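The structure appears below as structure tokens.
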Amino acid sequence: MKLKVVYFGASLAGKSTNVRILYEKLRSRGVTKGDYISMETDENRTLFVEMFLSSFRIEDQDIDVKVLTTPGQFRLHPLRKVIMKGVDGLVFVVDSSKERENINFLVLRETAAVLKEQGYDLYALPVVVQYNKRDLPDALPIEELQPVCNPWGTEFIEAVAPEGLGVVETFRAIVRRILTDRVASGSGRIPS
Ligand SMILES: Nc1nc2c(ncn2[C@@H]2O[C@H](COP(=O)(O)OP(=O)(O)OP(=O)(O)O)[C@@H](O)[C@H]2O)c(=O)[nH]1
Ligand SMILES: [Mg+2]
């Protein structure tokens, strides 16, 4: 089974940090295939995408997951359309800081529009919400973030991506979510 998971979220929310650290952790467990591909600007901002392939078995099924990020910078937004093509599930990386409070709603609206152009409904796709930057002194309480950032009422995970906290958990959660949805729609088997 081949799956495509895209990490989206506001500019500088920590999408690339998640995917880079996830790659390192999964590689050390022997569940990656090939290299980590990254295209960055001089300031370490995502220019196009970061991506890698994770490959593992659940029960008796081989699963290949392509993991990608979107670029957060405004001038690069048109690229998101290409990256989202064929997406099976999404991780919404939220910057928990008060300073970035208002951006999350905009990101959801824009992402929904990008997906709609391709015939997807953001609110019907498997999604996991990651509240990142929980270490910041101005991190908002989860109860304040939930009404805006989790309109799905889906599973959420708290994270400090550079420290690796919540990174693998988020990935596990989205894979589980996609597989569970497939079972519910009769197109897959029960994940363990
Ligand atoms: N304190 C703190 N800093 C973080 C956390 N996650 C990411 N950062 C920092 O935030 C900055 C941006 O992280 P990136 O992973 O590049 O963010 P991005 O979402 O990929 O950014 P764009 O690709 O430009 O949209 C970097 O300096 C990270 O080290 C976190 O949990 N806590
Ligand atoms: Mg990035």
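What residue, among those in region 148-164 that are under 15 Å from the mean Cα position of the chain (by Cα) and among the hydrophobic types (A, V, I, L, M, F, W, C), is farthest from V94 (Cα to Cα)?
W152
Taking region 37-48 on its own, how many of its residues are of a type outside the set (G, A, S), in a strand (DSSP E or B) and modelled with pLDDT under 85?
Let us first name the residues in region 37-48 that are of a type outside the set (G, A, S), namely 37, 39-48.
So of that shortlist, the ones also in a strand (DSSP E or B) come out as 37, 39-40, 46-48.
Pick out the ones that are also modelled with pLDDT under 85 and you get 39-40, 46-48.
Result for region 37-48: 5.
Within region 112-141, can you find the residues that are within 30 Å of R182 (Cα to Cα), away from ligand 2 (no atom under 16 Å from the Cβ) and not in a loop (DSSP other than H, G, I, E, B)?
A112, A113, V114, L115, K116, E117, V127, V128, V129, Y131
Yes/no per residue for (1) open to solvent by less than 60 Å² (accessible area, probe 1.4 Å); (2) of a type outside the set (A, V, I, L, M, F, W, C); (3) away from ligand 2 (no atom under 16 Å from the Cβ); (4) not in a strand (DSSP E or B):
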| site | (1), (2), (3), (4) |
| --- | --- |
| I83 | yes, no, no, yes |
| L90 | yes, no, no, no |
| V94 | yes, no, no, no |
| L106 | no, no, yes, yes |
| E144 | no, yes, yes, yes |
| T154 | yes, yes, yes, yes |
| I157 | yes, no, yes, no |
| T170 | yes, yes, no, yes |
| T180 | no, yes, yes, yes |
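Is it the case that L122 is crowded, with 18+ Cβ neighbours inside 10 Å and closer than 23 Å to T32 by Cβ?
Numbers: crowded, with 18+ Cβ neighbours inside 10 Å: yes; closer than 23 Å to T32 by Cβ: no.
Answer is no for this residue.
Restricting to region 4-34, what's the tally of residues that are touching a helix residue (DSSP H, G or I) at 6+ places or on another chain (Cβ under 6 Å), away from ligand 2 (no atom under 16 Å from the Cβ) and touching a residue at least 40 places away in the same chain (Cβ under 8 Å)?
Counting residues in region 4-34 that are touching a helix residue (DSSP H, G or I) at 6+ places or on another chain (Cβ under 6 Å), away from ligand 2 (no atom under 16 Å from the Cβ) and touching a residue at least 40 places away in the same chain (Cβ under 8 Å) gives 1.
Looking at region 49-69, which of its residues are modelled with pLDDT under 85 and near ligand 1 (Cβ under 10 Å from one of its atoms)?
Just the residues of region 49-69 that are modelled with pLDDT under 85, to begin with: 49-50, 59.
Within region 49-69, V49, E50 qualify.
The values are calculated or read from the model by the stated rules, or taken from the named source; none is laboratory data. Treat the numbers as computed from the prediction; the structure is a model and nothing was measured. In this analysis, Cβ positions are derived from the backbone assuming ideal geometry, glycine residues included, and neighbour counts consider all displayed protein chains. These accessible areas exclude ligands, DNA and RNA; they are computed on the full protein's heavy atoms, side chains included. Shrake-Rupley method; radii C 1.70, N 1.55, O 1.52, S 1.80 Å.
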